[in-house]
Amino acid sequence: MRVLKAYADPRTWGALAYCLFGFPLAIASFVFVVVSIAVSLGLSVTLVGLPLLGLAVAMSRGWGAAHRGLGRTFLGVEVVAPTVRRRPGIVGYIGERNGWRAILYMLLNFPLAIVEFVVAVSLFAYGLGGLTYPIWWHQVSQKVDGKTVHGLAFGGGPNAFADKPKWIWLIFAGGVALTVAWPWVLRGITRLDGVMIRGLLGPSEAERRIASLEETRSIAVDESAATLRRIERDLHDGAQARLVGLAMSLGMVKEELDGADSEIALARVRELVDTAHREAKGTIVDLRDLARGIHPPALDNGLPDALGTLTARSALPTSLRIDLPQRPSQAVETIIYFSTAELITNAVKHSGAHRISVDVRQVDHTVTLRVHDDGAGGAEAGQRLGSGLSGLADRVATVDGTMTIVSPVGGPTDITVSIPVA
């Protein structure tokens, strides 16, 4: 049954197509590399040698793109094109690392492509031939010492032919073995090619790190801009409006006091003072909430106190467990605090859970936050819970953190946030 599934698997036939189409491409690219590098080095003593070498490196990136496309089409190997980092001019390509990595790939790919082609064609042909040998062995014949002998020959003389039942069924068994093994052997060797494509034709580790830093920097800048806009909006619509109302109330009090010569006027003054008092207290509350949104005062005493206060205010029963041998940095504490607040809020609003548990611990050099609820599950970033989880993942990424979601339909939900201590 597994054999039938292996033959029905599109990956098997994708690997076969890759071997068949990749073989001529490997030959052409290998010949290009050998000839172009040899000619360039041979002419390096002349004025055209270095430009030719730079052109060869530049064109090698194009050959690398062709190999990436072949791997993406037939093997499902998704690799983005590496960036070009070179000095200006065609000679600048001589120092372009990704071009030389493509050259190295084409040199290593050539012998591998030969093996892949031989396995793809020969192993399948021998397996099919052995599998059907009991049917066609009698059709193969030749005369030896004046006698007609049938079957495949394995040496000289009339006794070296596979025409006996034991040899016929032995060849059949070998054909069965080769036919059964073919899909896994084929996919195994092409998997090695996929590893080479990712390692040599994609971005290097340094480039991936740079791209990640650029992305997280962009996220951090956007989030900072959004935070500033929110603070400006809250100040304008909240505290500023209340302060304007307070100033107007105090101005009216002053006018009333100037002409306060009756009980009615004094009552009006008292009413205005009460209004101004309420506005002042409301402004204080707004400013306190705004400051708490920037940096929770509870974090001044560390995560245990801050998360203890946060979980105690939860609308659902929430347990808390913290194991931090040392206090993390302020940036990590802030991310953990707001991540916990966001995840608890999502669980309360969307999960239909009855209980929530929060577990924060440090293992080696990583602080891990795990929020578990017994709700309906089905949580996905950017899906059922809106954009909250996507935004949270972006915020965590700004400090090189990761977020994983395990939330099968029907529950429970486990969301884990891991952040490096440094």
Boolean, residue 193 is acidic (Asp, Glu), part of a loop (DSSP other than H, G, I, E, B) and either buried (at least 16 other Cβ atoms within 10 Å of the Cβ) or at pLDDT 80 or above (or both): no
Which of (1) at pLDDT 80 or above; (2) under 30 Å from residue 171 (Cα atoms); (3) open to solvent by 40 Å² or more (accessible area, probe 1.4 Å) does residue 66 not meet, given it meets every other one? (2)
Return the total of residues in the range 1-16 being closer than 14 Å to residue 185 by Cβ and open to solvent by 70 Å² or more (accessible area, probe 1.4 Å). 1
Determine whether the range 307-323 contains at least one residue that is over 28 Å from the mean Cα position of the chain (by Cα), open to solvent by 50 Å² or more (accessible area, probe 1.4 Å), under 20 Å from residue 421 (Cβ atoms) and not hydrophobic (A, V, I, L, M, F, W, C). yes
Does residue 326 satisfy being out of contact with any Gly (no Cβ under 6 Å at 6 or more places or on another chain), modelled with pLDDT under 80 and open to solvent by 70 Å² or more (accessible area, probe 1.4 Å)? no
Determine if the range 83-94 includes at least one residue that is open to solvent by less than 20 Å² (accessible area, probe 1.4 Å), closer than 24 Å to residue 18 by Cβ and assigned to a helix (DSSP H, G or I). no
List, please: which pairs have Cβ atoms under 8 Å, are six or more places apart or on different chains, and start with a residue in the range 48-66 that is assigned to a helix (DSSP H, G or I) and end with one that is at pLDDT 85 or above and surrounded by fewer than 17 Cβ atoms within 10 Å (Cβ to Cβ)? 52/39; 57/100; 60/100
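Return yes when residue 415 is open to solvent by 30 Å² or more (accessible area, probe 1.4 Å), at pLDDT 75 or above and under 14 Å from residue 346 (Cβ atoms) and no when it is not.
no
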Does residue 128 satisfy the criteria of being part of a helix (DSSP H, G or I) and under 16 Å from residue 25 (Cα atoms)? no
Within the range 330-342, is there a residue that is under 20 Å from residue 393 (Cβ atoms), part of a strand (DSSP E or B) and of a type in the set (A, V, I, L, M, F, W, C)? no
For the range 17-56, enumerate the residues that are in contact with a Ser or Thr (Cβ under 9 Å, 6 or more places away or on another chain), open to solvent by 30 Å² or more (accessible area, probe 1.4 Å) and under 30 Å from residue 181 (Cα atoms). 21
Here is a check on your reading of the model: is residue 383 within 20 Å of residue 300 (Cα to Cα), open to solvent by 50 Å² or more (accessible area, probe 1.4 Å) and modelled with pLDDT under 85? no
Residue among 11, 72, 61 that alone is among the basic types (Lys, Arg) and farther than 21 Å from residue 110 by Cα: 11
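The values are calculated or read from the model by the stated rules, or taken from the named source; none is laboratory data. Source: prediction; values computed, not measured. Every residue, glycine as well, gets a Cβ built from its backbone with ideal geometry; the counts of neighbours run over all protein chains shown. Keep in mind that these areas ignore ligands, DNA and RNA; they rest on the heavy atoms of the full protein, side chains included. Shrake-Rupley method; radii C 1.70, N 1.55, O 1.52, S 1.80 Å.
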